[in-house]
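Report on one structure; see the data block that follows.
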Number of protein chains: 4
Amino acid sequence: MAGNSYGQLFSLVSFGESHGQGIGGVIDGCPAGVTIDEDFIQAELDRRRPGQSKITTSRDESDRVELLSGVFEGVTTGTPIGFFIKNKEQRSKDYDNMKDVFRPSHADYTYTQKYGIRDHRGGGRSSARETIARVVAGAIAKLVLREMGIKISAYTSSVENIAVTKPYTELDFTEIENNAVRCADPETAKKMVDLVAKVKAAGDSVGGTITTVIQGVPVGVGEPVYDRLEAMLAKGMLSINATKGFEFGSGFEGTKLRGSIHNDPFISDENGIHTKSNNSGGVQGGISNGEDIYFKVAFKPVATVLQKQKTVTVDGKETVLDAKGRHDPCVLPRAVPIVEAMAAITLLDMLLISNAYQLPKHNEL
Amino acid sequence: MAGNSYGQLFSLVSFGESHGQGIGGVIDGCPAGVTIDEDFIQAELDRRRPGQSKITTSRDESDRVELLSGVFEGVTTGTPIGFFIKNKEQRSKDYDNMKDVFRPSHADYTYTQKYGIRDHRGGGRSSARETIARVVAGAIAKLVLREMGIKISAYTSSVENIAVTKPYTELDFTEIENNAVRCADPETAKKMVDLVAKVKAAGDSVGGTITTVIQGVPVGVGEPVYDRLEAMLAKGMLSINATKGFEFGSGFEGTKLRGSIHNDPFISDENGIHTKSNNSGGVQGGISNGEDIYFKVAFKPVATVLQKQKTVTVDGKETVLDAKGRHDPCVLPRAVPIVEAMAAITLLDMLLISNAYQLPKHNEL
Amino acid sequence: MAGNSYGQLFSLVSFGESHGQGIGGVIDGCPAGVTIDEDFIQAELDRRRPGQSKITTSRDESDRVELLSGVFEGVTTGTPIGFFIKNKEQRSKDYDNMKDVFRPSHADYTYTQKYGIRDHRGGGRSSARETIARVVAGAIAKLVLREMGIKISAYTSSVENIAVTKPYTELDFTEIENNAVRCADPETAKKMVDLVAKVKAAGDSVGGTITTVIQGVPVGVGEPVYDRLEAMLAKGMLSINATKGFEFGSGFEGTKLRGSIHNDPFISDENGIHTKSNNSGGVQGGISNGEDIYFKVAFKPVATVLQKQKTVTVDGKETVLDAKGRHDPCVLPRAVPIVEAMAAITLLDMLLISNAYQLPKHNEL
Amino acid sequence: MAGNSYGQLFSLVSFGESHGQGIGGVIDGCPAGVTIDEDFIQAELDRRRPGQSKITTSRDESDRVELLSGVFEGVTTGTPIGFFIKNKEQRSKDYDNMKDVFRPSHADYTYTQKYGIRDHRGGGRSSARETIARVVAGAIAKLVLREMGIKISAYTSSVENIAVTKPYTELDFTEIENNAVRCADPETAKKMVDLVAKVKAAGDSVGGTITTVIQGVPVGVGEPVYDRLEAMLAKGMLSINATKGFEFGSGFEGTKLRGSIHNDPFISDENGIHTKSNNSGGVQGGISNGEDIYFKVAFKPVATVLQKQKTVTVDGKETVLDAKGRHDPCVLPRAVPIVEAMAAITLLDMLLISNAYQLPKHNEL
């Protein structure tokens, strides 16, 4: 409620700062009896970790997670899972010249005004390093969802003006991990990698979008009228650093279609009732309808650019900021596992809530 | 938590169905001492009510709200405000032929699957008639915000491909109520009205976008890292019927700019620290920065079209639906006050949370 | 969160004042498919209503409940159930002389200080009339629990120094409704009725305790470590007007036993594992263990006495209050259904949460 | 919500097991700008730690807390405070013979049934070792409350039948830390210490009560009707291991007084409005009235006794348990700081909520 916890029945509270001792969290509400595959959790962290390719920041953190509780003999016990990841390669001195300056389009100014105090080193709490905790919780959520046959796949669908033009149904998701931008379309991926390299060389930064597809969700997940599945996903996505927008199903483009075209006709076959098209994005009336759930998230260009920028000091005097430090020219490749993580946490939470109301009758107890 | 309540410290729980006895709700957490202007609340409802113009549904509901508690001698007492609006002009017979049919892109199928039972009359709980409750709570939130100098303005910014091209800073918000689509740009408004009339005549429907601007918000509202102000707004907007997307500040277009261009430089003048541009949309690091907050919401074309559509019965048999009833060809004009209401509720809630942490010291008590 | 809602997955928000238009509420999270027995709900309200016997207040309210939503053709639809009970026999003039006076041990002073405004008529929101909403929600919770074989029985176990000495296991709960104090022991009941009548005649008031027994709860309800079943029940009970204490199982008396005596040995028979004694009160480690859950709640003597009392005016001047009005000399008989209601709401809520974590595996979906 | 988090605006989530790696937690919602006195936090932990006297368990844990985030240069930043305390002196082998046995009046049976899996070593999550996290959060809450002039004092008020007979107003709270049972009355303390030593020698255990007094709370804290201050305190207290009851103000004894005697007359003097007596326990209508808040909590005798006890195995076979291990014969001395901690957390949380609604007007912003 104070803002650092997420989820109701499956919940994560995170803590830690970019240049503090580390990042940690507590997952509460993981069902008991889930086999914890620590290698999988670490692999997810590796997808997010800095220094993984030439087009990400060169800060080199191994980001080894330590599970501190809640798992006994490799299996969850239904009690809270505490975890911690030590910061190792902080270089706080890189931030000395930013102590008294508000970096443009960062959280320096707002944190200072809100809290009256600010850990300026590496952005402190506002750093995207916090998302480590999300990836850990997301990995555990994925392990639970996997047992239910649910799969979440995200990929970079555009970088600046370079966009994947094919619909997700024509893409091969196994390609995602084969390129440095995590794009499901190999040809587009090449262009994206080249662009990011060029932008990096210029000391600038670039944004784009990530598309997510969730497959295997049963009908019935989502709690109208306020906790609609898409509303919960929207909150989860917009809680990620640097995001600017969210759309699901036909999204903003769908506003340009007539209802007679946009509607998804129901059909019936041996697999039951389905829709012929899926402009609904797998959600109708706030409840999953059994079709693929898909949505797109917008990420702005990274606020840190290695160019001189006009700004003001904490005393309100004009100054010029000449940023140093190790930064990503484009967050998208490393944001892919973060988006998946927030999707997994949100979906599992809503699944548990939905499941709560399926009470057994007396004779079934 | 079960999905029909919204907000933490300023909260709304709503109840009621389209063709039941009426729509009501309870507002909990309205600060004490607020003068309740019932005419203003009714005026807000009138902006939402059906039958208000030729391009909205002809269902004619006066939608008179009755406040049942929480107000004493015209002033809020800090206790919950219950309210009720009677349904009057239901024509449930119009829905008789839909009892056993799943209407495409409506919530019929998902409600039936989730709950095992469905009030089919007019969409029951899934009807946008529920948003009456939001408008009442939003009107009361606006009364509180007004005392703090905060103003919320929303307008239709596109209908299908007809879009307002000017930025909001060049528009005159007093124009919004001067046309049937609630567009702030009179010339664009005319084109929009013509389009909607044409679509209505064809028995079809059309979507679009609504832009919202919030002015006067102090620095410091929003609770990182998960309850960022934009995340809370996103959830609020996506909880509205028929929405497909949300973007704030530079939004999806902002993903196409370089960081060096997209960043908002800080400047300092006699009014304190401000940003020169506002791609951040008034929020940085999840916290309001004192600039205007603005965002855009996508609405799909209305699912009910007065044309024959293929679909299936509740038993999974193919059928053709020939919808009757009174429907909006375009929800945007009536959605404007709903978007404002959700913005007001969300903002006031976050303001209260933010305010909670400003504890007085001992000698100030 | 603002204090007028209770419960997480099965929740109640209530509204209304003693001398306002009425009392109402919204129940959110009632499972779909429950047959609503309106006569049962009304019967529960009748157990709580004023004017039911010579030893209760003579305010004569029929307290007819109107369900406004959430029920379709007699069955719950899983959507929120709004309800309202009109106030009819207010006599607000009785309170005119209390407008500017703080009644001792009432909420007049604290409401005025907290909110800066007070509806003085009949105690406004602080009146026990609010508990009508609890009884309605409790009745619906009981209908759900009944389907699971769970039964809740409460009875007056002491009035002042007159106490039931038999353990609940030796009492016949069908006797509870056979006397005006709702005591399960007929002989003690007579003495209690006589005492209350005597106290009433003296214009004074009297307190006592209510014992509650919940039977048929499956093992596993309650969420350690903070949301232990007994902690949630304690909160529910202490949220009732005029309560002063809560104890479960062996309670305060249990503090006087040695561990070797107090422990409940496990035994095993054809019905599975049970405990031989039940000092644990059906809860171990915060989780129900399948034995009867029982607890006791203390109620203070009613604050309104028809005697002259020293007090102060809202301006801090000394004065003498000579209370008029119709009041209960003893709340216990009417509090019995309220205690049961809060027990039912709390238990169902915790049952739903517990049930949430019993996720089906993929092949069972 | 899953049970391991406590509080709304000032919240604690805890994790860890008795014989796992350690106990930790995250405090979210600590106001920014609070100077963190680490020595004070450690001193509070030392009051709780095992091995502190001859009448507590001989498990020797130093319980050194490490703050992992949220504090910058000795001051809170308003961001979450993560912390961890390593377990050091586990002797899990002591529990080998309990792996397949349900210890009477422990949580072994209910955890096994609820979760299907159990960390049997030292009680796992159900161990009172979890309360370390509460003491850390409570210490930080106390630091905030201290700045507001609020003081919380708890003491052992009875052990078995040996009880402090003086009211708290006649006791000297500085005596509490001068004896091994933490009783505020030195003479009674001696008798209690002797009793506990005798019980320990007999391999048995004993219970009792703790009285808490909170001084300096301003008028207005507590959110009727459900989140009354006493209801929140009741939940907090009953969430502590081994508790059996809660009463505030006149409590259960108050049920034996007539209203004319029990009522607290208002008086007015140079300090404003006060009550002459305080049977209300500092709370009226669920809201603090400015008088001392006081309440009593019942603790059962410790479930582990070093005597042979009949019980059953996990397979339901009868067996005899002969417990080993290091255990407290009486939890009261070590529970005193835990009770204070839960009182501090609860009170600060409710203070923040109450403060939220004191919105500044526009011209004050």
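Tabulated data
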| item | result |
| --- | --- |
| Residue within region A:50-61 that is away from chain D (no Cβ under 14 Å), touching an Asp or Glu at 6+ places or on another chain (Cβ under 6 Å), among the hydrophobic types (A, V, I, L, M, F, W, C) and touching a residue at least 24 places away in the same chain (Cβ under 8 Å) present | no |
| Options C:Leu257, C:Leu351, C:Leu332, C:Leu347: the member that is modelled with pLDDT of 95 or more, open to solvent by 20 Å² or more (accessible area, probe 1.4 Å) and not charged (D, E, K, R) | C:Leu257 |
| Count of residues meeting criterion [more than 7 Å from every other protein chain (Cβ to nearest Cβ) and either over 18 Å from the mean Cα position of the chain (by Cα) or more than 23 Å from A:Ala2 (Cβ to Cβ) (or both)] in region B:215-232 | 5 |
| Filtered residue count, region B:23-39, keeping only those that are under 17 Å from the mean Cα position of the chain (by Cα) and over 28 Å from C:Thr110 (Cα atoms) | 2 |
| Candidate set: region C:233-246, residues that are touching a Ser or Thr at 6+ places or on another chain (Cβ under 8 Å) and more than 7 Å from chain D (Cβ to nearest Cβ); chosen: the one farthest from D:Gly285 (Cα to Cα) | C:Leu233 |
| Scan of region C:144-175 for residues that are surrounded by 19 or more Cβ atoms within 10 Å (Cβ to Cβ) and part of a helix (DSSP H, G or I), ordered by number | C:Val144, C:Leu145 |
| Qualifying residues in region B:123-143 (those that are surrounded by fewer than 24 Cβ atoms within 10 Å (Cβ to Cβ) and modelled with pLDDT under 95) - the one farthest from B:Val219 (Cα to Cα) | B:Ser127 |
| Every residue from region C:193-203 that is of a type in the set (A, V, I, L, M, F, W, C) and within 9 Å of chain D (Cβ to nearest Cβ) | C:Val199, C:Ala202 |
| Residue in region B:300-312 that is touching a strand residue (DSSP E or B) at 6+ places or on another chain (Cβ under 7 Å), facing chain A (nearest Cβ under 9 Å), under 23 Å from B:Phe10 (Cα atoms) and surrounded by 18 or more Cβ atoms within 10 Å (Cβ to Cβ) present | no |
| Among the residues listed as C:Glu318, C:Glu270, C:Glu291, the single one being closer than 27 Å to D:Ser277 by Cβ and open to solvent by 20 Å² or more (accessible area, probe 1.4 Å) | C:Glu318 |
| Test for D:Val206: is it buried (at least 18 other Cβ atoms within 10 Å of the Cβ) and more than 7 Å from chain C (Cβ to nearest Cβ) | no |
| For B:Asn278: the one exception among (1) over 21 Å from A:Tyr115 (Cα atoms); (2) of a type outside the set (D, E, K, R); (3) open to solvent by less than 30 Å² (accessible area, probe 1.4 Å) | (3) |
| Residues that are within 11 Å of chain A (Cβ to nearest Cβ) and open to solvent by less than 10 Å² (accessible area, probe 1.4 Å), drawn from region D:32-45 | D:Val34 |
| Top-ranked residue of region C:78-95 - restricted to ones that are at pLDDT 75 or above and not in a loop (DSSP other than H, G, I, E, B), ranked as nearest to the other protein chains (Cβ to nearest Cβ) | C:Gly82 |
| Residue, nearest to B:Ala323 (Cα to Cα), within region B:90-117, restricted to residues that are over 28 Å from the mean Cα position of the chain (by Cα) and either of a type in the set (S, T, N, Q) or open to solvent by 40 Å² or more (accessible area, probe 1.4 Å) (or both) | B:Asn97 |
| Any chance A:Arg48 is under 30 Å from B:Asn289 (Cα atoms), out of contact with any helix residue (DSSP H, G or I) (no Cβ under 7 Å at 6 or more places or on another chain) and not acidic (Asp, Glu) | no |
| Single condition C:Ile27 does not satisfy, out of (1) surrounded by fewer than 19 Cβ atoms within 10 Å (Cβ to Cβ); (2) not in a helix (DSSP H, G or I) | (1) |
| Subset of region B:289-299 [under 13 Å from B:Gly220 (Cα atoms) and at the interface with chain A (Cβ under 7 Å from one of its Cβ atoms)] | B:Asn289 |
| Inter-residue pairs, beta-carbon under 6 Å, first farther than 16 Å from C:Gly29 by Cβ and more than 7 Å from every other protein chain (Cβ to nearest Cβ) and in region B:109-125, second surrounded by fewer than 21 Cβ atoms within 10 Å (Cβ to Cβ) and among the basic types (Lys, Arg), 6+ apart | B:His120/B:Lys99 |
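Yes or no, residue by residue, for (1) under 25 Å from D:Leu351 (Cα atoms); (2) of a type in the set (Phe, Trp, Tyr); (3) within 20 Å of the chain's Cα centre (by Cα):
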{"site": "D:Phe248", "(1), (2), (3)": "yes, yes, yes"}
{"site": "D:His262", "(1), (2), (3)": "no, no, no"}
{"site": "D:Phe266", "(1), (2), (3)": "yes, yes, no"}
{"site": "D:Asp292", "(1), (2), (3)": "yes, no, yes"}
{"site": "D:Phe299", "(1), (2), (3)": "no, yes, yes"}
{"site": "D:Leu306", "(1), (2), (3)": "no, no, no"}
{"site": "D:Val312", "(1), (2), (3)": "no, no, no"}
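The values are calculated or read from the model by the stated rules, or taken from the named source; none is laboratory data. These numbers come from a predicted model, not from an experiment. No Cβ is skipped: glycine too gets one built from the backbone with ideal geometry, and neighbour counts run over all protein chains shown. The protein model used for the area step is the full one, side chains on, heavy atoms only, and it has no ligands, DNA or RNA in it. Shrake-Rupley method; radii C 1.70, N 1.55, O 1.52, S 1.80 Å.
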